[in-house]
1. Tell me, which residue of region 5-24 that is among the aliphatic types (A, V, I, L, M) and open to solvent by less than 80 Å² (accessible area, probe 1.4 Å) is farthest from residue 45 (Cα to Cα)?
2. Any idea which of 37, 63, 56 is more than 22 Å from residue 121 (Cα to Cα) and in contact (Cβ under 8 Å) with a residue 12 or more places away in the chain?
3. If you take the residues in region 25-54 that are charged (D, E, K, R), in contact with a helix residue (DSSP H, G or I) (Cβ under 6 Å, 6 or more places away or on another chain) and open to solvent by 50 Å² or more (accessible area, probe 1.4 Å), which one is modelled with the lowest pLDDT?
4. Just to be sure before I move on: is residue 78 within 18 Å of residue 52 (Cβ to Cβ), at pLDDT 60 or above and not basic (Lys, Arg) in the structure I sent?
5. Could you please find all residues in region 24-60 being of a type in the set (A, V, I, L, M) and either under 26 Å from the mean Cα position of the chain (by Cα) or within 24 Å of residue 88 (Cα to Cα) (or both)?
6. Report, by residue number, each residue of region 66-84 that is open to solvent by 50 Å² or more (accessible area, probe 1.4 Å) and either more than 21 Å from the chain's Cα centre (by Cα) or not charged (D, E, K, R) (or both).
7. Could you please let me know if residue 116 is open to solvent by 80 Å² or more (accessible area, probe 1.4 Å), modelled with pLDDT of 95 or more, charged (D, E, K, R) and assigned to a helix (DSSP H, G or I)?
8. So residue 108 clears everything in (1) without any contact (Cβ under 8 Å) to a residue 12 or more places away in the chain; (2) in contact with a helix residue (DSSP H, G or I) (Cβ under 6 Å, 6 or more places away or on another chain); (3) open to solvent by 40 Å² or more (accessible area, probe 1.4 Å) except one condition, right? Which one?
Amino acid sequence: LGRVYARMGKFEKAIDTWEQKLPKSKSALEVTWLNHEIGRCHLELGSYEKACDYGEKSLTAAEEAGDEPWQLNACVLVAQAQVKMGKNNAALDTFNTALDKAKAGNDGAAESAINKAINDVNEKIVQELKEKGEENNDEQNKDNEADDKGKDSDKEEKDDKDNKGKKGKSEENKDNKR
């Protein structure tokens, strides 16, 4: 019934159905599958933290079951949720774990899809670094401008003092000549 709801886009109903079934699960593999499906629905609903949590539960159960394909599926779900949350470095690590599992399972299609996801995440990370670099440059430029203004102000004060000193000496010289 949960699958029917999920296919119809009724993700909340699918989650409710699967969450009722979860405590009655008899095997680690069933727990793996249910947690994965619940996590997938949360991902679709934009509840990325919950999607990540259920993905991690799915991964734990898949490890207990010793099921490599489900470990791969759970890793991908967790990584996708991490990307949606903007945790790109964590997602990159998780996708790399998934890639290792795909290679170990000789799953060429999964390897290809995961490599594409890794490239996408790498591009996001590079973009973030560029944006941070621009922000740092903007901040550095503001700091430099402030320093320059401070130096200009210091120079003006020094010039004022020098001019006063010159006026004083100039008047002193006039007095001496008289």
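1. My answer is 22.
2. Exactly one of 37, 63, 56 is more than 22 Å from residue 121 (Cα to Cα) and in contact (Cβ under 8 Å) with a residue 12 or more places away in the chain, namely 37.
3. 44
4. Against the criterion (within 18 Å of residue 52 (Cβ to Cβ), at pLDDT 60 or above and not basic (Lys, Arg)), residue 78 qualifies.
5. Once the filter is applied, which keeps residues that are of a type in the set (A, V, I, L, M) and either under 26 Å from the mean Cα position of the chain (by Cα) or within 24 Å of residue 88 (Cα to Cα) (or both), region 24-60 yields 38, 43, 45, 51, 59.
6. Within region 66-84, 66, 68, 69, 70, 73, 80 qualify.
7. In short, yes.
8. Every listed condition holds for residue 108 apart from (2).
The values are calculated or read from the model by the stated rules, or taken from the named source; none is laboratory data. Note that the structure is a prediction, hence the values are computed from the model and not measured. Cβ atoms come from the backbone with ideal geometry, glycine included; neighbour counts cover every protein chain shown. Ligands, DNA and RNA are stripped out before the accessible areas are found, and what is left, the full protein with its side chains, is counted by its heavy atoms. Shrake-Rupley method; radii C 1.70, N 1.55, O 1.52, S 1.80 Å.
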